[in-house]
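Data first, discussion second: the structure below is written as structure tokens.
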Amino acid sequence: MTPDESPHTADRPLAHIPVEDKARMVSGLTFWMTESLDAAGIRSLQLADGPYGLRHQSGSHDHLALFPSDPATCFPPGVAIGSSWSVEAAARLGAALGREAAAAGVDVVLGPGVNIKRSPLCGRNFEYYSEDPHLAGALGTSYTRALQNEGPGVSVKHFAANNQETNRQTISADVDERTLREIYLPAFEAIVTQAAPATVMSSYNRINGTFAWANHWLLTEVLRDEWGFKGLVVSDWSSVSDPAAALTAGLDLEMPGDPARAAELLTALEEGRIEEADLDRAILRLAALAERVSAAGDGAIDEDEHHRIAREIAAECIVLLRNQYSVLPIPGGAHVAVIGAFAQNPRYQGGGSAHVNATRVDVPLEEISAVAATVGATVDSALGFALDGADGDALREEAVALAARSDIAVVFAGLDEARESEGIDRSTLDLPEDQVALIRAVAERAQRTVVVLSHGGIVSLEGWHDEVDAIVEGFVLGQGGGRAIADVLFGNVDPSGRLAETIPLRLEDHPSWLNFPGEQGHVRYGEGVMVGYRYFATSGTPVRYPFGHGLSYTTFRTDDVTVEQTGEDTAVARVRVTNTGERSGKHVVQVYVQTDAGKVRRPARELRGFAKISLEPGEARTVEIDLPRRAFAYWDIETGSWVVAEGEYRVQVCTDSLTPVSDAVIRLDGDVIAVELTMDTPVGEWLAHPTVGDRTRDALGFTGVEVPEEQMAMVASMTMNQFVKISGLDIAGGVLDDLIAATRTAPPVPHEGE
Ligand code: BGC
């Protein structure tokens, strides 16, 4: 059929396209490009990694960064941005990356990665933001908006419950629905509902047995029907093994291209496993994407300017964990020993598909020397340990001797790229033994010892923490990290990062410990919603440093928080913060909500809002944090909805997840939950039912009768069937049936758009 003969109507805009052409459209053209379809005006799109810098391969290609990519700015990876707690930093990164993508002709950037750091061992934690969904969602939203503002689209990944690398292609993440809804989905939900990402990338893993890319509940019911996603769902690379199942579940595009797919889909069509409308739906989304995104940059990127941005963002991400005797910032005139292989050969990013071919890399030793010179400090260096296995004892002795004749020793320790990469999880949190030995030996001889850490996931600080004076958590900071560290060490920049994940005392203390990385194809998310700090705060298990921790060179005072209810189940918290020190600095206001309202076990507190503010010495500002309905809600599995329970909610302003400094309580009336009753429903639920509770009391003869508490507890736990039998009560015929019928017609629980 030619286009002219086609029944081309507004309802069926693809009716004139031969089905053979349609079948080839839903799989890519090449490794990084989508198919085009001139007859429908759909152009080919260029995709490229990644979350913190462009990995555009104009030569040979792969998805594990085995082949090089074109030079691009390596901005701070997700672990660093997570620690910045700065939506501005995330936006600066997104905008700069968007400009680089547009200049390179890249239509879709494969990032941000917003999976939750369920275990500190996950090999891809360097790419992800946090163990907390609110923080991850807010940063990802900011990044997405800013990047898409430059023309290209994003691909928010990896949807969903991709929280480990061990068996990532096949593992089933076995997660209960409340946990999915409260912990593993909200970052995606926030970005989808607030920033309209162009695409979402489904993950490799299964969720409760079904592959994410073939998961209708996830890709269609939740993503589209509930959240209103209008963009395109793309598969993670080479994940799809059944294209028909993927298409009907809601996957629109399989990447990379697979020439065998068209024939497979035509067979599926013949066999009735897919319909032509399924292909049309996906192609129309591809068409909409091609219309929407643009990679029309002018091709000119100011590399110097982007390097400067990378440095400035990196400086926002550094977390000062410890600073005894205010050993930092390093005073002018000091003689500084810079020790450790990472000072000369920096670890600044992770391995795998996110790997960026950086335009240049700041070397910490050089940057420290440059900044030191401006304040009359002098610098000497020693390797201390080698990454290639050279004589460790000799290197250590030389470094210790240098440390002994210096005013302050700065030891750069951490993990090399080989230990942390896509495709593999770590098995330990420990630093390599030779580095621990070096830190301890230096600390014993040096007047003052500072440790600067470089790594993608967190490392244990045990065995040496108490022996050193200061610890600067540098994670992986991108190509400008060297200068950022130098600026923090000498106080040109106030350290303002806060931990986006807990540093435990022992790996065995971590809530994921017993169920990571799973066995026999399944990983059971046994800790439920008690992920990261939610568990530590609830159980009282001691930690080395809590989520939210981070020091500054100045001091801040937090006045009493006030909370004003702004609607039935919304509020605003207001808190005044004053810089009471003598240096300018940045403070992160962290607002948590604590409650035991509702039918479910709530974590001790949950982060519900935050703001990073900059204050000059003596300056004060009042910060307002909105607390929407969701800040008080839990996912109720009985009604399959978000529920705000009646009760008290303590709004806490904290300096970290374990340390409230001020709080205020509000009381919410909560939702009316009218579940349908049956004869198998426990009597307690009948009595508590908002519409038929009183009538049940009458029917059972409890009205006006004092029943002892223990007896009542026993009655409440029986099903109505059991109670009727055991009690021998002669309940007038049909009364209970009438009550059951009344609960079926009861008004639904208010959803308010959730
Ligand atoms: C990764 C994705 C990446 C893709 C393309 C996959 O292995 O999981 O994050 O975007 O490769 O490189």
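The values are calculated or read from the model by the stated rules, or taken from the named source; none is laboratory data. Owing to the predicted nature of the structure, the values given are computational and were not obtained by experimental measurement. When we count neighbours, we look across all protein chains shown, and the Cβ atoms used for this are built from the backbone with ideal geometry, even at glycine. Side chains included, ligands, DNA and RNA excluded: accessible areas come from the protein's heavy atoms. Shrake-Rupley method; radii C 1.70, N 1.55, O 1.52, S 1.80 Å.
A few notes on this one:
- Average projection area in nm² (convex hull over Cα atoms of segment 489-625, one quarter of hull surface): 11.4
- For segment 79-178, convex hull volume per residue from C-alpha positions, Å³: 106
- Cβ-derived FRET efficiency at R0 30 Å, residue 440 paired with residue 492, nearest 0.05: 0.50
- Of the solvent-accessible surface of the chain, computed with a 1.4 Å probe over protein heavy atoms with every protein chain present, carbon and sulfur atoms account for 48 percent.
- Electrostatic dipole magnitude of the chain [Cβ: Lys, Arg +1; Asp, Glu -1; Cα centre; debye, to 20]: 1200
- Straight-line cross-link partners of residue 230 among the lysines, defined as a Cα under 24 Å from its Cα and at least 8 positions apart when in the same chain: 22, 157.
- The order of the peptides 668-674, 588-594 by mean Cβ neighbours within 10 Å, most packed first, is 588-594, 668-674.
- Probe 1.4 Å, protein heavy atoms only - accessible area per residue of segment 389-435 in square angstrom: 45
- Model label zone, residue 170; criterion: amide N under 19 Å from point 7 Å along Cα-to-beta-carbon; scope segment 234-271: 236-243
- Normalised contact order of segment 238-289, rounded percent, pairs of Cα under 8 Å and 6 or more residues apart: 43
- Dipole-positive endmost among 268, 314, 326 within segment 261-373 (Cβ charges, Cα centre): 326
- Bridgeable lysines around residue 612 (alpha carbons under 19 Å apart, same-chain partners fewer than 8 residues away excluded): 586.
- Taking every protein chain into account, the accessible area of segment 600-703 amounts to 42 square angstrom per residue (probe 1.4 Å).
- Translational diffusion of segment 42-106, µm² s⁻¹ [Kirkwood Rh, Cα pairs; Stokes-Einstein; 25 °C; 0.890 mPa s]: 192
- Heavy-atom accessible surface of segment 221-301, averaged per residue, reaches 42 Å², computed with a 1.4 Å probe.
- Solvent-free Debye calculation, one equal scatterer per alpha-carbon of the chain: log10 I(q)/I(0) at 0.06 Å⁻¹ equals -0.41.
- DSSP bridge analysis restricted to segment 22-155 gives an antiparallel fraction near 40%, rounded to the nearest 5.
- Cα-based shape type of segment 504-573, given that a ≥ b ≥ c are square roots of the gyration tensor eigenvalues and the cut on a/c is 1.5: oblate
- Cβ-defined net charge surrounding residue 233, 14 Å radius [Lys, Arg +1; Asp, Glu -1]: -1
- Once all protein chains are placed together, residue 599 keeps about 110 Å² accessible to a 1.4 angstrom probe.
- Short to long, the 10 Å bins of the Cα pair-distance histogram for segment 130-220 hold 17, 48, 30, 5 percent of all pairs.
- Near residue 456, once Lys and Arg are set to +1 and Asp and Glu to -1 for all other residues with Cβ below 13 Å from its Cβ, the sum equals -4.
- Beta bridges assigned by DSSP with both partners in the chain are antiparallel in approximately 60 percent of cases.
- Taking amide H as placed 1.01 Å from N in the peptide plane, residue 154 has its amide H under 5 Å from the amide H of 109, 198, 199, each at least 5 places away in sequence or on another chain.
- Computed over segment 334-429, Kirkwood Rh from alpha-carbon pairs, angstrom: 14.9
- Applying 1/(1 + (r/R0)^6) with r as the Cβ-Cβ distance of residue 12 and residue 672 and R0 = 56 angstrom yields a FRET efficiency of 0.80.
- Surrounding net charge for residue 382, when Lys and Arg each add one and Asp and Glu each subtract one, Cβ distance under 10 Å: -2
- Partner aspartates and glutamates for residue 599 [C-alpha distance under 14 Å; skip if fewer than 8 residues away on the same chain]: 636, 638, 646, 648, 671, 685
- Stokes-Einstein diffusion of segment 595-754 at 37 °C, 0.692 mPa s viscosity, Kirkwood radius from Cα pairs, rounded to a whole number: 173 µm²/s.
- Counting only DSSP H runs of at least 4 residues, each contributing -39500 (n - 2.57), and dividing by the residue count of the chain, the helix-based mean residue ellipticity at 222 nm comes to -8000 deg cm²/dmol.
- Mean sequence separation of contacting Cα pairs (under 8 Å, at least six apart), scaled by the length of segment 49-189, corresponds to a relative contact order of 27 percent.
- The equivalent ellipsoid of segment 245-368 has semi-axes of 53, 18, 15 Å, largest first, where each one is the square root of 5 times an eigenvalue of the Cα gyration tensor.
- Orientation-averaged projection of segment 542-690 equals 10.4 nm² [convex hull of Cα atoms, one quarter of hull surface area].
- Packing around the peptides 659-667, 305-313, 83-91, taken as the average count of other Cβ atoms within 10 Å per residue, puts them in this order, highest first: 83-91, 305-313, 659-667.
- Using C-alpha pairs below 8 Å separated by at least 6 residues, the relative contact order for the chain is 13 percent.
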